[in-house]
Each structure stands twice: as structure tokens, then as C-alpha cells.
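**Student:** Dumping the structure here so I can ask a few things about it.
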């Protein structure tokens, strides 16, 4: 671990970012060049004290998950992320298609959607990051680990996951999720995580096994999508997609037709806060 170079690298990257780059207001009294340490800490999902100690060449060696969060918060490119890991004394993450690193361009788009339900997901339906309105609408989908990170896996193993959609839509969602996993398996090939998830689901879910045998690939998602909120009821939403093919990631943005009841409900999401698990 090169503490001096690590601290210097973080400082220069922080000072190179402007508030507008990450969706923050500049304010009339700002004197700091770039972002403040506490602002970067918030973007990285860590305490200001923890981040400050790294920049001040103090504290323990950052873990790989912490470094991934810092890379995401500072909008680092893949080369900059790898440099960050090496300075901190870690091997660089594998640059596979299903990497969890979100490119700076996609993060900049997401930062400008702070008042809109939006999230970045992998081709295995793993949520990497989401806006507060998205967490209020769908729940905190970044809290899962292991196989449960995949919405496809949870859909067929955890009944509470299906509370998100009206029961009448469950069959359609089951077909769609299975077809998306089939497409991911085709891209990743043998030995990938998609194959592992499919194998486990075939053994544990008769419904999935039957759908997998049908060999449907990337079915079109019908619009609008109906989502059940425990306090607001059913919302009819359109889901727009912005894809990053290099990382096999997609930015999902949920909107409603202006003037509709669902549009009015979307404006109330922040009033209720993050949706509780299993509701």
C-alpha cells in the first residue's frame, strides 16, 4: 500500500470533480476547488472521517469493496480504478463483461436523475446503485449479497419478491426473467454465473425448470409495467433503458404519463422513504 500516492491520487481526483458533475448544487459560498471530502464520502457511502483518514495517509488499508465504492463515487474510469486498487495494495478487479464498476458516463446520467426512480443493473438483474426514489419505489435492492443479488434468483426462491408486482402479472414476469437469464447465459458461455444460477434454479423451482426448457430468449417487456407500492397502491410506469454494452449494464428509468394518477403518486415517493423489505 502506497499511502502517500494513494492520498495524492484521491485528492487530485476529488478536486477535479465539480459539484455539477455529480448532481450537487454549487452554492454561492463555495471556496473549495472541486468537491469537499464530506461530499465525496457521501457519494461513496462511507463516513467523512473514514474517507478523510485515507486522504491524510492515516487509517487501515481500504478493503476491495471500499475501493470499489470510492471508484464509483469519484466517477473513475476503468484505468483509474485499477490504479486506485494497485496503490491500495490490491490486485486489480477482473475486467469481465459483468463487472460491477459503473462507467463515469453512466454515473453522470444517474446523478442528474436524483428526483426520478432510476437504477443501474447488470445483465443478471443485480442492482449496483439506485436513486432514493427508486429505493422508495422498489426497496433497497443493493443490500443483497451472493446469489440473492440477482432479482431473477430471488423471483423464483423468495415469495416476498413477488409482492412488487400484481399477481396477474407474475406469469409474464417469470417468462421475461427466465428469458433474460437465458440471454446472459448465451453471452457468458459455460462456466459463467448465469449458468450457475440457472442450474440452481432448475433444481429448486419447477416453474423455472419448465420455462428454461422452453428456450425463450430476451422476450419484449410489455409496457406499462405495474408496480405495487404498500402505501400508494398500483403504479403504471414506463421503464426506459440506457445500455452500456461494454459493461453489460443497463440504466433503468421509471416514468409515468403526466396528468395520470400514477404520475401524481411518483411525486409522493420521497414522503414515504425507502420501501421496507418484503412489502
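Readers should treat all values here as calculations from the given coordinates under stated rules, not as data from a laboratory. Computed from a predicted structure; not experimentally measured. All Cβ positions, glycine included, derive from the backbone under ideal geometry; neighbour counts span all protein chains shown.
**Student:** If I fit a long axis through the Cα atoms of helix 170-188 and take the longest principal axis of the Cα atoms of the chain, what angle between them do I get, 0 to 90°, rounded to 10?
**Tutor:** With rounding to tens, the tilt is 50 degrees.
**Student:** Taking 25 Å as R0, compute the FRET efficiency from the Cβ-Cβ separation of residue 79 and residue 16 and round it to 0.05.
**Tutor:** It comes to 0.95.
**Student:** Using a Förster radius of 25 Å, what is the FRET efficiency between residue 30 and residue 58 based on their Cβ-Cβ separation? Nearest 0.05, please.
**Tutor:** That pair, residue 30 with residue 58, gives E of 0.45.
**Student:** Moving to a separate point now. Give me the three principal axis extents of the chain from the C-alpha atoms, as integers in angstrom, largest value leading.
**Tutor:** That works out to 57, 48, 28 Å along the principal axes.
**Student:** At 7 Å along Cα-to-Cβ for each site, give me the label-to-label distance between residue 255 and residue 210 in nm.
**Tutor:** Calculated label separation equals 3.8 nm.
**Student:** Nearest 5 is fine: what % of DSSP beta bridges in the chain come out antiparallel, could you say?
**Tutor:** Of the beta bridges lying entirely in the chain, close to 100 percent run antiparallel.
**Student:** In nm, to one decimal, how far is the modelled label at residue 203 from the one at residue 38, with both set 7 Å along Cα→Cβ?
**Tutor:** Taking the simple label geometry, residue 203 and residue 38 are separated by 5.1 nm.
**Student:** Something else: Nearest 10 degrees, 0 to 90: what angle lies between the long axis of helix 193-204 and the longest principal axis of the chain (Cα atoms)?
**Tutor:** It is inclined by approximately 40 degrees.
**Student:** Residue 108 to residue 187: extension gain in nm, 0.36 nm per residue of separation minus the Cα-Cα distance?
**Tutor:** 25.7 nm
**Student:** I would also like to ask the following. Note the angle between two axes, namely the Cα long axis of helix 78-87 and the longest principal axis of the Cα atoms of the chain, as a number of degrees from 0 to 90, rounded to the nearest 10.
**Tutor:** 60 degrees
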